[in-house]
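Report on the following structure.
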There are 2 protein chains.
Amino acid sequence: MKKIWIVYLLLIGFFLLYVLDYRSQSHLNEQWKTAGLRGEIDEKYVMVTFQMGIDYWKSSLKGFEDAAQALNVSVEYRGSTQRDVHEQITVLEQIIAKKPAGIAISAIHPADLTETIGKAVDAGIPVVLFDSDAPGSKAYSFLGTNNYSAGIKAAHQMAELTNGRGQVAVVTTPNQQNHQDRTDGFLATIQKDYPEMKVVAVKNGKGDQIYSRQSAEEILRDYPDIAGIFATEANGGIGVAEAVREIGGSQRPKIISFDTDKGTLDLVKSGDISATMAQGTWNMGYWSLQFLFSLGHDLNTAQIPGTPPVPEQVDTGITVVTRQNVDDYYAK
Amino acid sequence: MKKIWIVYLLLIGFFLLYVLDYRSQSHLNEQWKTAGLRGEIDEKYVMVTFQMGIDYWKSSLKGFEDAAQALNVSVEYRGSTQRDVHEQITVLEQIIAKKPAGIAISAIHPADLTETIGKAVDAGIPVVLFDSDAPGSKAYSFLGTNNYSAGIKAAHQMAELTNGRGQVAVVTTPNQQNHQDRTDGFLATIQKDYPEMKVVAVKNGKGDQIYSRQSAEEILRDYPDIAGIFATEANGGIGVAEAVREIGGSQRPKIISFDTDKGTLDLVKSGDISATMAQGTWNMGYWSLQFLFSLGHDLNTAQIPGTPPVPEQVDTGITVVTRQNVDDYYAK
């Protein structure tokens, strides 16, 4: 009799354990379905850049990773090692073949990536562009600086530094959309708002420190009275600063650069570069992933054929960094 | 002895149940902390509009609600009943007093709300603007149509409808930023790109069907050869269509309107209105709430003082609706 009682009790006990465990599991699943934005860990989103090793991308990638962590999905970071459009296309083709959950790409060229981006979208992979746009492509959105506005801001800053007088020049990367826009905004503003200033040269620094240094040396030789140089990109800014330190003469031209890598910040701190333009890079990465997640999970419940499922353009904003606030920009 | 065995077994059974239940609960909590973006249900986000009863806001509010549901937070919908700036200020003051988790507001006037928005931000309440901007305010972001671009698109559409020839007019609401921008984009594009077209009148329809009808009647009387009228807002478009139907004569001017409420869609379907401009209203509401959530939860881990914690501007895009695709726009 005693043994039967024990067996009964054990059976009842295990049954209760089973019911309780089942209940808590189904409770769990139900909550997860409605509670919070959350993906699957095997959902992989890829960020694609060029010159992928440079510091500049770190903050965008951090934003991309932060969003992925918040949404419980995975990320991969890819890109061309050099500033080489064919290499970026090859990398993009490889990624498409693996059918990831989404791709955020900074296009090295405004037109040459269009076809490959179209291939990805046609294969059902959500694509957004960040930092550098490819305006004619099938990508769903562009998230980045309004670079024309950034050029306007740089022009006003240059006028402040030069008291609105004298010759100025630009060192840029003409075949990349974001740099062209910065240059255009700068040129238009100087011409419209500062009649006593004149842009005497726009040179191709190829996004490279050595080329930009050479360009700046030419400018300094051809225009010894030059009052300021705007470098639309960080490597260029460092190259220009080297040229000015070497042969700038007594009346050193003011330099405005772009971005906030350590090299640039050090030169702002030392006074070699007067100002640099800080972009909202973390926001580019963070909201790129949020947009891709929204596209992949069809979260737009009001979607009408032919209308944008996510916002078409996101301007992450621009901030001027000078000696006064440069310390805030060093990585903590 | 038998009784003691039973008591022991019951105690062990209850202990196991307790352990298992505790384990599953803590497992649950732990998962929730890292898994997914998720707020608290007592976290209340408020959407504030004007003329709050009109159809136009429904889709923005749906986006706001969809995001709230996804993020497990609450929403409240408030606004002025009339197109009355003082009423909207009063409503906003009442909301601030209750310290909500965030406010998304469509500003009835580009300047008059600035002080009250500043009060909210200074009180630590995240604020974003959507649909109609207040550019000088302390709000963290503006999410809406790039209305200048929308005006450009409307001008090209008007040129297509009129074969790029003849007199055209605008009926608008001049003291509201979004309408001013639409008008400016339209005027600049006609002037720049269509030398055989001329804008002969820009009238104030006050966002009202009756006033807009009267304005259109004046236009039709003063310019009997008018080829087209652009109404920058939906009530106005319906008023203009009424005037044209009444006294438009044999050569009825083409009408381009704005937005996709049922009244406008019906008139597109009947051919009274040739085209209307569809805004990404769901995206305005959805991403407004996402931005407010991000601000309230300090999700930007790269935040530097003086830089935008969320993107400054979001362009939700614009799409042209004609008889061909109008059926897609009726609420399902």
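The values are calculated or read from the model by the stated rules, or taken from the named source; none is laboratory data. Quantities reported herein were computed from a predicted structural model and do not represent experimental measurements. Positions of Cβ are backbone-derived with ideal geometry, glycine not excepted, and every protein chain shown enters the neighbour counts. Calculation scope for accessible area: heavy atoms of the full protein, side chains included, ligands and nucleic acids excluded. Shrake-Rupley method; radii C 1.70, N 1.55, O 1.52, S 1.80 Å.
List of remarks:
- When the residues of region A:119-144 are filtered to those that are outside any loop (DSSP other than H, G, I, E, B) and open to solvent by 10 Å² or more (accessible area, probe 1.4 Å), the one that is farthest from residue B:283 (Cα to Cα) is A:119.
- Residue A:56, sole failed condition from (1) modelled with pLDDT of 95 or more; (2) more than 10 Å from chain B (Cβ to nearest Cβ); (3) over 30 Å from residue B:65 (Cβ atoms): (1)
The rows are residues; the columns are (1) open to solvent by 40 Å² or more (accessible area, probe 1.4 Å); (2) of a type outside the set (D, E, K, R); (3) over 27 Å from residue B:39 (Cα atoms); (4) in contact with a strand residue (DSSP E or B) (Cβ under 6 Å, 6 or more places away or on another chain).
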position	(1), (2), (3), (4)
A:43	no, no, no, no
A:58	yes, no, yes, no
A:72	no, yes, no, no
A:80	no, yes, yes, no
A:86	yes, yes, yes, no
A:97	yes, yes, yes, no
A:103	no, yes, yes, yes
A:108	no, yes, yes, no
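- Filter pass, residue B:230 being of a type outside the set (Gly, Ala, Ser), assigned to a strand (DSSP E or B) and either open to solvent by less than 60 Å² (accessible area, probe 1.4 Å) or not assigned by TED's automatic domain parsing to the domain that holds residue B:258 (or both): yes
- Unmet requirement for residue A:295, which otherwise passes all of (1) more than 14 Å from the chain's Cα centre (by Cα); (2) not assigned by TED's automatic domain parsing to the domain that holds residue A:103: (2)
- Residue within region B:145-163 that is among the β-branched types (Val, Ile, Thr), touching a residue at least 12 places away in the same chain (Cβ under 8 Å) and open to solvent by less than 10 Å² (accessible area, probe 1.4 Å) present: yes
Here's the yes/no breakdown for (1) within 14 Å of chain A (Cβ to nearest Cβ); (2) touching a strand residue (DSSP E or B) at 6+ places or on another chain (Cβ under 7 Å); (3) over 30 Å from residue B:220 (Cα atoms):
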residue	(1), (2), (3)
B:253	no, yes, no
B:258	no, yes, no
B:267	no, no, no
B:270	no, no, no
B:277	yes, yes, no
B:283	yes, no, yes
B:294	yes, no, yes
B:319	yes, yes, no
B:325	yes, no, no
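- Checking each residue in region B:281-306 for being open to solvent by 20 Å² or more (accessible area, probe 1.4 Å) and of a type outside the set (S, T, N, Q) picks out B:295, B:296, B:297, B:298, B:299, B:302, B:304, B:305, B:306.
- Scanning region B:233-260 for residues that are in a strand (DSSP E or B) and either surrounded by 24 or more Cβ atoms within 10 Å (Cβ to Cβ) or touching an Asp or Glu at 6+ places or on another chain (Cβ under 6 Å) (or both) gives B:255, B:256, B:257, B:258.
- Selection within region A:312-324 - surrounded by fewer than 18 Cβ atoms within 10 Å (Cβ to Cβ) and not β-branched (Val, Ile, Thr): A:323, A:324
- Residue within region B:297-304 that is touching a Pro at 6+ places or on another chain (Cβ under 6 Å) and within 9 Å of chain A (Cβ to nearest Cβ) present: yes
- One residue alone among A:303, A:279, A:313 is over 18 Å from the mean Cα position of the chain (by Cα) and not aromatic (Phe, Trp, Tyr), and that residue is A:303.
- For region A:217-263, the candidate set comprises residues that are among the basic types (Lys, Arg) and either at pLDDT 95 or above or more than 21 Å from residue A:164 (Cα to Cα) (or both); within that set, the residue that is nearest to the chain's Cα centre (by Cα) is A:262.
- Every test in (1) in a loop (DSSP other than H, G, I, E, B); (2) touching a Gly at 6+ places or on another chain (Cβ under 9 Å) is passed by residue B:306 save one, and that test is (2).
- Selected residue (criterion: farthest from residue B:86 (Cα to Cα)) from residues of region B:96-107 that are out of contact with any Ser or Thr (no Cβ under 7 Å at 6 or more places or on another chain) and assigned to a loop (DSSP other than H, G, I, E, B): B:101
- The listed residues are B:131, B:208, and the only one of them that is touching a strand residue (DSSP E or B) at 6+ places or on another chain (Cβ under 6 Å), charged (D, E, K, R) and in contact (Cβ under 8 Å) with a residue 60 or more places away in the chain turns out to be B:131.
- Test for residue B:313: is it modelled with pLDDT of 95 or more and at the interface with chain A (Cβ under 10 Å from one of its Cβ atoms): yes
- Any hit, region B:325-332, residues being open to solvent by less than 30 Å² (accessible area, probe 1.4 Å), under 30 Å from residue B:212 (Cβ atoms) and not charged (D, E, K, R): yes
- Residue check for residue A:89: in contact (Cβ under 8 Å) with a residue 40 or more places away in the chain, assigned by TED's automatic domain parsing to the domain that holds residue A:285 and among the β-branched types (Val, Ile, Thr): no
- Residues of region B:264-280 classified as part of a helix (DSSP H, G or I) and either modelled with pLDDT under 95 or surrounded by 24 or more Cβ atoms within 10 Å (Cβ to Cβ) (or both), total: 2
- Residue B:309 vs. criteria in the same structural domain as residue B:221 (by TED's automatic domain parsing) and buried (at least 19 other Cβ atoms within 10 Å of the Cβ): no
- Residue list for region B:180-204, restricted to those being open to solvent by 10 Å² or more (accessible area, probe 1.4 Å), part of a helix (DSSP H, G or I) and touching a strand residue (DSSP E or B) at 6+ places or on another chain (Cβ under 7 Å): B:187
- Scanning region B:316-332 for residues that are in a loop (DSSP other than H, G, I, E, B) and under 16 Å from the mean Cα position of the chain (by Cα) yields B:316, B:317.
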